[in-house]
Amino acid sequence: MPAITVTERAAKHIREALEKRGTPDQVLRVAVKGGGCSGFSYHITYAEKPGVRDAVFERNGVRVVVDPKSLIYLDGTELDWVQTLMQSGYQFNNPQVKASCGCGESFQV
């Protein structure tokens, strides 16, 4: 089965965000959608629970879910959380990416 890994930093941030929202039992949904200047972009939302066909990846008490179509483009991806002076947010370390746009918001496989 294709896999996504979630770093400790990302799991900690997901857990904190869910607790802050008052929804600690929800899941983080990661998807790939067509669009952006390079062809695909990542989308992150919260969901009540995994869908029937979703793949579920659990790390340190948090669950990340991915639909089957998105999982094709995310296989082998590491989801991380970065916080620097210049940026703060989720970072996708996706080995399938062949090119990305200048702003880093979209990618090609």
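Nothing in this text is a laboratory measurement; each read-out follows from the coordinates by a stated rule. Nothing here was measured: the structure is a model prediction, and the numbers come from that model. Positions of Cβ are generated from backbone atoms using ideal geometry, with glycine treated the same way; all protein chains shown enter the neighbour counts.
Annotations for the structure displayed:
- Those GluC sites (Glu not before Pro) in the stretch 7-54 that DSSP places in a loop and that have at most 12 other beta carbons within 10 Å: 48
- Among the listed pairs 69/98; 20/49; 49/98; 33/69, a Cα-Cα separation exceeding 21 Å is found for 49/98.
- Based on alpha carbons, the Rg and Dmax found for the stretch 18-68 are 12.3, 36 Å.
- Restricting the calculation to Cα atoms, the chain yields a radius of gyration followed by a Dmax of 13.6, 40 Å.
- Relative contact order, percent, the chain [alpha-carbon distance under 8 Å, six or more residues apart]: 32
- Between 0 and 90°, nearest 10: helix 8-21 axis offset from the chain longest Cα axis: 60
- For residue 40, the residues whose amide H sits under 5 Å from its own are 35, 107, ignoring neighbours fewer than 5 places away on the same chain, with H placed 1.01 Å from N.
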